[in-house]
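Asks: One structure follows; several queries about it will come next.
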Amino acid sequence: MIVAQRKPFEELKSFIADKKKVLVVGCRGCVTVCNAGGTKEVGILASELRLDGQAAGRELTVDEYTLERQCDPEYIEELLELVEKKYDAILSMACSVGPQFITTRYKDENVYPALNTCFMGGAQQHGIWVERCQGCGNCVIHLFGGMCPISRCAKSLQNGPCGGSSDGVCEISKEVDCVWHLIATKMMETGKAETEFGPAQPIKDWSTSRDGGPRKIVREELVK
Amino acid sequence: MSREVRTKSNLEKVLASGQFAVTGELGPPPNASREEVVEKAKHLKGNVDSVNITDNQTAVVRMSSLAAALILQEQGTEANMQMVCRDRNRIAMQSDILGAAALGINNLLVLSGDHQKFGDHAQAKNVFDMDSVNLIRTIKMMRDERRLLSGRELPEGSEPRLFIGGAYNPFADPEDYRVLRAAKKVEAGVDFLQSQCIYDMPRFKKFIARAVDMGLTEKAYFMAGITPLKSLGMAKYMKNSVPGISVPDELIERMKGVPKEKQVDEGIKIACEQIEEMKNTKGVAGVHLMLIEWEHMVPRLVQEAKLGPSQRK
Ligand code: SF4
Ligand code: SF4
């Protein structure tokens, strides 16, 4: 899933400093799963903003709404009735795809991202999310024991581990596993280190990645 | 044992003749002062066979390695220009390789490069278009097949005739895999390899014995990295804070055993003992002296260790 986290409250407050009527819009997709922008988090942010407005003695209405998804025009359409009530600001609590879809549909609205979209990953355990993919457009993890060195190695090495790998952690931080330590260990344990895994991996073709420009997928059979 | 010489490199000539080679290291200044490079170069001249010029080491901005390498060469010492994968994509790398060769660089040593998180520009976007293994392959392809990565041919005589260097670290993890990673570099076509600073001799010897067994030391020259300890504090810092360096407790104890003002001497003594041992270790073709910001100690070290051009014959 896409993993995101809420922006600092001060930053969110600054977005609406001079606004009187605000709509907070959540999303039931990834951000609900990673506890960043579902119905519950929309409720929390809305109350925090209201309380803060009260404390500052200023006039502020905050409404809440959560869409099935914000990355689909079909659901964005659902906002029409609300948008017609004329809000001074819309805070989207979806991943950053959401606010872009809202802005595209409702051109006159002031739309703000309430989350920082961070990575594609999963929950390692409750409350801890880790990055696992960088969307390079040509998945090769089967060559690396099922682990992705592009997203998980700080240098995206094709032939690691680098000289900074120590005690299983990456040179950048003791909090980050060295994925190449895991890959190399697995290769040695499965007896592939000197055979199948012996030859060096070639230079990666990044043209399918973001480096090739913004990407688009067209599935003719689905396009109406 | 002498091997074929394929470039104009002085370092290659020394290594190929079977003599125990010695290389030094010079960190370019974080400014445009030519004088600083000239000053450091003075201590190295005549004492080593060639000198590594680091490429924005520890991700701190410094004079470019190519520029500093040329200043060094003007002073009469051959450079091992370093190039890291952190800051350039394949377009810039190939371009710089061609340029360096055109300007008279004979040795090019490639590294992944320290992550920018360590340096003074942690906000930078990193590149890592290719890794050091693939950069070695690329230089070899440009030199021996006279081709660029695009497939474009280089007219005969216009190819970069570089002696290709790389690094190996017997002290990083996983320990058993380190020699296999070095093997990838050898397979990719590296000509010489220099190691991370060695303090843990038993671990180094285990590594090099395996490299000899695998035939790696026949295909590339393995040089041993030496950095004398300056003090007990430095020994402790190396042990605890530098990833990929192993300092045995015996060395810490040995430094502890001498008074502060004698610790420099003790560090040099330990280095000389190590170098002597390296000379007698099968598979070790020379030593790489890393005395960054301590270049003035090089003349004393090579003399006491009986190393380098001034001590030969
Ligand atoms: S190889 Fe590419 S697609 Fe596969 S997990 Fe890594 S970044 Fe994602
Ligand atoms: S320590 Fe491991 S994860 Fe970190 S940059 Fe080196 S190889 Fe990659």
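Asks: Suppose the filter is on the phi < 0 side of the Ramachandran plot, without any contact (Cβ under 8 Å) to a residue 24 or more places away in the chain and open to solvent by less than 20 Å² (accessible area, probe 1.4 Å); does A:GLY53 pass it?
Replies: Judged against the criteria, A:GLY53 is a match.
Asks: Here's a follow-up. Which of the strands (runs of 3 or more DSSP E) contained wholly in the range B:159-234 include at least 3 residues that are among the polar types (S, T, N, Q)?
Replies: Result: B:192-197.
Asks: Still on this structure, I have one more. Tell me yes or no: at least one residue of the range B:29-37 is open to solvent by 10 Å² or more (accessible area, probe 1.4 Å), under 25 Å from A:SER209 (Cβ atoms) and basic (Lys, Arg).
Replies: No, the range B:29-37 contains no residue that is open to solvent by 10 Å² or more (accessible area, probe 1.4 Å), under 25 Å from A:SER209 (Cβ atoms) and basic (Lys, Arg).
Asks: Next up: If you take the residues in the range B:148-189 that are under 16 Å from the mean Cα position of the chain (by Cα) and more than 11 Å from chain A (Cβ to nearest Cβ), which one is farthest from B:GLY283 (Cα to Cα)?
Replies: By that ranking, first place goes to B:LEU162.
Asks: Picking from A:GLY146, A:GLY121, which residue would you name as being within 16 Å of ligand 1 (Cβ to nearest atom), farther than 25 Å from A:PRO73 by Cβ and not in a loop (DSSP other than H, G, I, E, B)?
Replies: Every option except A:GLY121 fails the conditions.
Asks: Identify, please: which residue in the range A:6-20 is surrounded by 15 or more Cβ atoms within 10 Å (Cβ to Cβ) and of a type in the set (A, V, I, L, M, F, W, C) and is, among those, nearest to A:GLY37 (Cα to Cα)?
Replies: A:LEU12
Asks: Continuing with this model, one more query. Looking at (1) part of a loop (DSSP other than H, G, I, E, B); (2) within 11 Å of ligand 2 (Cβ to nearest atom); (3) hydrophobic (A, V, I, L, M, F, W, C); (4) open to solvent by less than 30 Å² (accessible area, probe 1.4 Å), which one does A:PHE197 not meet, given that it meets all the others?
Replies: That leaves (2) as the condition not met.
Asks: Please find, within the range A:178-194, the residue that is nearest to the other protein chains (Cβ to nearest Cβ) out of those that are open to solvent by less than 90 Å² (accessible area, probe 1.4 Å) and in a loop (DSSP other than H, G, I, E, B).
Replies: A:ALA193
Asks: Looking only at the range A:203-218, filter to residues that are open to solvent by less than 80 Å² (accessible area, probe 1.4 Å) and outside any helix (DSSP H, G or I); which one of those is nearest to the other protein chains (Cβ to nearest Cβ)?
Replies: That would be A:ILE203.
Asks: Restricting attention to the range B:105-143, which residues are part of a helix (DSSP H, G or I), open to solvent by 40 Å² or more (accessible area, probe 1.4 Å) and either of a type outside the set (Phe, Trp, Tyr) or over 22 Å from A:LYS174 (Cβ atoms) (or both)?
Replies: Within the range B:105-143, the subset part of a helix (DSSP H, G or I) is B:116-118, B:132-143.
Checking which are open to solvent by 40 Å² or more (accessible area, probe 1.4 Å) leaves us with B:117-118, B:137, B:140.
Correct list: B:LYS117, B:ARG137, B:LYS140.
Asks: Within the group A:LYS107, A:LYS86, A:LYS40, which residue is of a type outside the set (A, V, I, L, M), on the phi > 0 side of the Ramachandran plot and open to solvent by 80 Å² or more (accessible area, probe 1.4 Å)?
Replies: Details: A:LYS107 fails: on the phi > 0 side of the Ramachandran plot; A:LYS40 fails: on the phi > 0 side of the Ramachandran plot.
So the residue among A:LYS107, A:LYS86, A:LYS40 that is of a type outside the set (A, V, I, L, M), on the phi > 0 side of the Ramachandran plot and open to solvent by 80 Å² or more (accessible area, probe 1.4 Å) is A:LYS86.
Asks: Please count how many residues of the range A:125-143 are farther than 19 Å from A:ALA200 by Cβ and either more than 8 Å from ligand 1 (Cβ to nearest atom) or open to solvent by 70 Å² or more (accessible area, probe 1.4 Å) (or both).
Replies: Here the count works out to 10.
Asks: Restricting attention to the range A:170-189, report how many residues are farther than 12 Å from B:GLU175 by Cα and free of Cβ contacts under 8 Å to residues at least 12 places away in the same chain.
Replies: Residues that pass the stated criteria total 4.
Asks: Now a separate question. I need the full set of residues from the range A:65-91 which are under 24 Å from A:VAL3 (Cβ atoms) and in contact with a Leu (Cβ under 8 Å, 6 or more places away or on another chain), in order please.
Replies: A:TYR65, A:LEU67, A:TYR75, A:ILE76, A:ILE90, A:LEU91, listed by residue number.
Asks: Still on this structure: Please go through the range B:1-27 and pick out each residue that is in a loop (DSSP other than H, G, I, E, B) and touching a Ser or Thr at 6+ places or on another chain (Cβ under 6 Å).
Replies: Hits for the range B:1-27 are B:SER2, B:SER17, B:GLY18, B:GLY27.
Asks: Where residues in the range A:154-175 are within 16 Å of ligand 1 (Cβ to nearest atom) and within 20 Å of B:PHE118 (Cα to Cα), which of them is surrounded by the most Cβ atoms within 10 Å (Cβ to Cβ)?
Replies: Applying the filter and picking the extreme gives A:GLY160.
The values are calculated or read from the model by the stated rules, or taken from the named source; none is laboratory data. Computed from a prediction, not measured in an experiment: that's the story for all the values here. Neighbour counts run over all protein chains shown; Cβ positions are idealised from the backbone, glycine included. These accessible areas exclude ligands, DNA and RNA; they are computed on the full protein's heavy atoms, side chains included. Shrake-Rupley method; radii C 1.70, N 1.55, O 1.52, S 1.80 Å.
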